[in-house]
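The values are calculated or read from the model by the stated rules, or taken from the named source; none is laboratory data. If you're wondering where the values come from, they're calculated on a predicted model, not measured in any experiment. We place every Cβ from the backbone using ideal geometry, glycine too, and count neighbours over all the protein chains shown.
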Amino acid sequence: MTVSETYDFLNSIRRTEAEMVKLRLKHDALQSCLLPQAIRYDGDHVQSSPEDRMSETAAEVVELEKQIRILNHKKLQQIAHISNEIAKLENDTEQMVLLGYYVGRLPGARVAEIVHYSIPGVYKVKARAVRNLARVSNG
């Protein structure tokens, strides 16, 4: 893998999580539409054929829940795969930095506390670790 491909690989968890967030937002908005609403008397009193929007909305909510479960399973697989690739690195500090940043989704300051490095030092280790991971993944 190239360094760019390695960054894409490591960020795949974040992309999956972003997709899950978007689906959850849509899910929550649709689910709120299923709540009972008050009767309104200010509308037209014209009879029309009833539309069952509630069942359509409920079906869409169920479909979104299914998609979220599928993405959650995909995220679990990505975490396992990325963790296995990171474990190929020889340097424990590099492993901890990559796991903290990409798998644990920790900010750089928290990763620095864990590995007892300065924040700029952590970013240097991270860059070196990504280069090493790209090299190890090729061979």
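If I go through segment 90-113 residue by residue, how many of them are of a type in the set (A, V, I, L, M, F, W, C), buried (at least 18 other Cβ atoms within 10 Å of the Cβ) and without any contact (Cβ under 8 Å) to a residue 40 or more places away in the chain? The total comes to 5. Scanning segment 23-36 for residues that are surrounded by fewer than 13 Cβ atoms within 10 Å (Cβ to Cβ) and assigned to a helix (DSSP H, G or I) turns up LEU25, ASP28, ALA29, SER32. Considered as a group, the residues in segment 72-89 that are exposed (fewer than 15 other Cβ atoms within 10 Å of the Cβ) and touching a helix residue (DSSP H, G or I) at 6+ places or on another chain (Cβ under 8 Å) include one that is farthest from LEU35 (Cα to Cα), and that residue is LYS88. When VAL46, VAL61 are checked against the criterion of being in contact with a His (Cβ under 9 Å, 6 or more places away or on another chain) and either at pLDDT below 95 or exposed (fewer than 11 other Cβ atoms within 10 Å of the Cβ) (or both), a single residue qualifies: VAL61.
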